[in-house]
Amino acid sequence: MTAFQQYALLLAMAAATIGFVFCLYVIGKYLAAPRKEEGEDTPAASGNLPEEAAWARYHPRYYGYALLFLAFDMEMAYMYPWAVVYKELGLVALLDMGVFLSILFLGLLYGWSQGALRRQ
């Protein structure tokens, strides 16, 4: 099979997929019975309409917890690739990770000093 035939086959498969999805959309649009429900455009909590707006649900102190979680989640996301290349780079990689972890530790100390870890 030549390269042109492979690309033609790929293009035909993509066109068939797009056509199939379009046909399903058209069939669903014309055969499905429209239903209008009360509160269709509002978020539901266990099947009930919410009593208050979605932004009023969470106390602002939880944003500190979320930021600390993201900081340490990113720490794990960067430590895996670092561990993979540590053998090749040696001491330079160890110092780089030390700087990175110390910056995160300073963020933890700042959050602690601001009361982000205090239970209320």
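Read the figures in this text as sums done on the coordinates, not as results from a lab. Given the structure is predicted, the values throughout are model-derived calculations rather than measurements. Cβ: placed from backbone, ideal geometry, glycine included. Neighbour counts: every protein chain shown.
Could you tally the net charge around Leu104, taking each other residue with its Cβ under 15 Å from the Cβ of Leu104, Lys/Arg +1 and Asp/Glu -1?
Numbers: positive: none; negative: Asp73, Glu75, Asp96.
Counting the neighbours of Leu104, the net charge comes to -3.
Give me the orientation-averaged projected area of the Cα convex hull of the stretch 59-118, in nm², one decimal. Write out the running numbers ahead of the final one.
Values: hull surface 16.4 nm².
It is 4.1 nm².
Separation between the Lys29 and Met76 pseudo-spin-labels, each 7 Å from Cα along Cα→Cβ, expressed in nm?
Reported label-point gap for Lys29 and Met76 is 4.4 nm.
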